[in-house]
Amino acid sequence: MYAVIRAGGKQYRVAPGDVVKVEKLPATSGDSVKFDVVAVSGDEGSIAPAKDAVVSAQVVESGRAGKILVFHYKRKKQYKKLYGHRQPFTAVRITEIAFNGQRFTAPELPAKKVKKAAPAPAEAEATSAASAAPKKSAAKKSAAKPAKKPVAKKTETKSKKK
């Protein structure tokens with residue numbers, strides 16, 4: 001099951017569980033968003049126009065894409081202009097596609113594991129002091145001698161007398 005949605009003047013083919021980067025939306029991370037549906041595919045693989053179809057998504061993140069360099073140049077005129085552009089985007093995860101009384105939902109994301117808190121400072125010092133081995137000092141290097149530069153040999157030139 002997939003749907004074709006319209007967002008930011010572009011069309012995207014999405015399925016439940018997909019993460020899509022669309023044009024910047026006025027929503028923060030964790031908000032739910034609904035999109036205009038252009039077309040929907042059914043179970044048989046046929047595409048039908050979107051009547052009463054709803055695609056809902058959850059905002060994952062907002063950010064800016066990589067830099068694109070724009071370079072203007074006119075030959076023989078000493079004209080060069082260079083500037084960069086970073087397009088803002090919003091990444092959304094498609095959570096559900098509802099169509100003709102059917103609901104296709106994305107599988108739930110696994111919960112993130114929480115790291116254990118660091119032990120108390122007194123315990124940390126005791127364990128680090130016991131397990132730390134004494135460090136060896138590095139061997140000292142001798143001073144580098146300056147390299148001798150080769151001396152150019154003088155050659156005698158004979159001048160001719162006329």
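Odds and ends about this structure:
- Selected residue (only one of Ser159, Ser128 is assigned to a helix (DSSP H, G or I), loosely packed, with under 10 Cβ neighbours inside 10 Å and modelled with pLDDT under 75): Ser128
- Residue check for Asp52: of a type outside the set (Lys, Arg), within 16 Å of Val14 (Cβ to Cβ) and touching a residue at least 12 places away in the same chain (Cβ under 8 Å): no
- Screening the candidates Gly17, Gly66, Gly30, Gly84 for the property of being of a type in the set (Gly, Ala, Ser), within 18 Å of Thr105 (Cα to Cα) and either under 18 Å from the mean Cα position of the chain (by Cα) or exposed (fewer than 10 other Cβ atoms within 10 Å of the Cβ) (or both) yields one hit, Gly30.
- Members of segment 4-25 found to be outside any strand (DSSP E or B) and among the β-branched types (Val, Ile, Thr), listed by number: none
- Inter-residue pairs, beta-carbon under 7 Å, first at pLDDT 95 or above and in segment 91-107, second charged (D, E, K, R) and in a strand (DSSP E or B), 6+ apart: Ala91/Lys21; Ala91/Glu61
- Count of residues meeting criterion [surrounded by 16 or more Cβ atoms within 10 Å (Cβ to Cβ) and not in a strand (DSSP E or B)] in segment 87-106: 1
Listed here are the residues, each with its yes/no results for (1) of a type outside the set (A, V, I, L, M); (2) part of a strand (DSSP E or B); (3) surrounded by 14 or more Cβ atoms within 10 Å (Cβ to Cβ); (4) touching a Gly at 6+ places or on another chain (Cβ under 6 Å).
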| position | (1), (2), (3), (4) |
| --- | --- |
| Lys34 | yes, yes, no, no |
| Val38 | no, yes, yes, no |
| Asp52 | yes, no, no, no |
| Val59 | no, yes, yes, no |
| Ser62 | yes, yes, yes, no |
| His72 | yes, yes, no, no |
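- Test: Val151 is modelled with pLDDT of 85 or more and not small (Gly, Ala, Ser): no
The values are calculated or read from the model by the stated rules, or taken from the named source; none is laboratory data. Just so it is clear, the structure is predicted and the values come from calculations on it, not from any experiment. Heads up, the Cβs are rebuilt from the backbone with ideal geometry, glycines too, and the neighbour counts pull from every protein chain shown.
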